[in-house]
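What follows is calculated from the coordinates using simple rules that are stated; it is not laboratory data. As the structure is a computational prediction, the values presented were derived from the model and not from experiment. For neighbour counting, all protein chains shown are included, and Cβ atoms are generated from backbone atoms with ideal geometry for every residue, glycine included.
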């Protein structure tokens, strides 16, 4: 914001890549409150990353989602419940998408693998047997982005192996 000699306030935009559009004033105030916080939590970073992702600021979204993963992994994994694992899954998936949209296919594939490894860990855990169908359904998005990333990297053999791998598309075998 800057003052004008005509008496009106003006908004000066130096870079079109730095514009964030908010739905309303409350969203804007919430954003600035979260930016100013000294001790940010994993969910705060996740919120900021989501906001950046919605405004297609992928570089900043990557920064915030990586911070969210880092903060969540600092917690003791022995005490993790399903919601904690699901939070990590969403953060890794958001990283996967942000890297993919930014054109970093290698990092997109790596984060898709992180999503899939996390889901496989939950599938193998007897504690979450009642959520097996849901967990298998969650695999679809990271698998799709991984396949697109491998295609972007021109790793067609890996692409083919995923398509024809029984571990990915035969969930009845696991039950």
Rg and Dmax of region 26-174, Cα atoms only, in Å:
16.5, 50
Quick one: if the Förster radius is 25 Å, what FRET efficiency do residue 20 and residue 70 give, using the C-beta to C-beta distance and rounding to 0.05?
0.65
With r defined as the distance between the Cβ atoms of residue 101 and residue 127 and R0 fixed at 45 Å, what FRET efficiency is calculated, to the nearest 0.05?
0.85
With label points built 7 Å along Cα→Cβ from the Cα atoms of residue 144 and residue 77, find their separation and express it in nm.
2.8
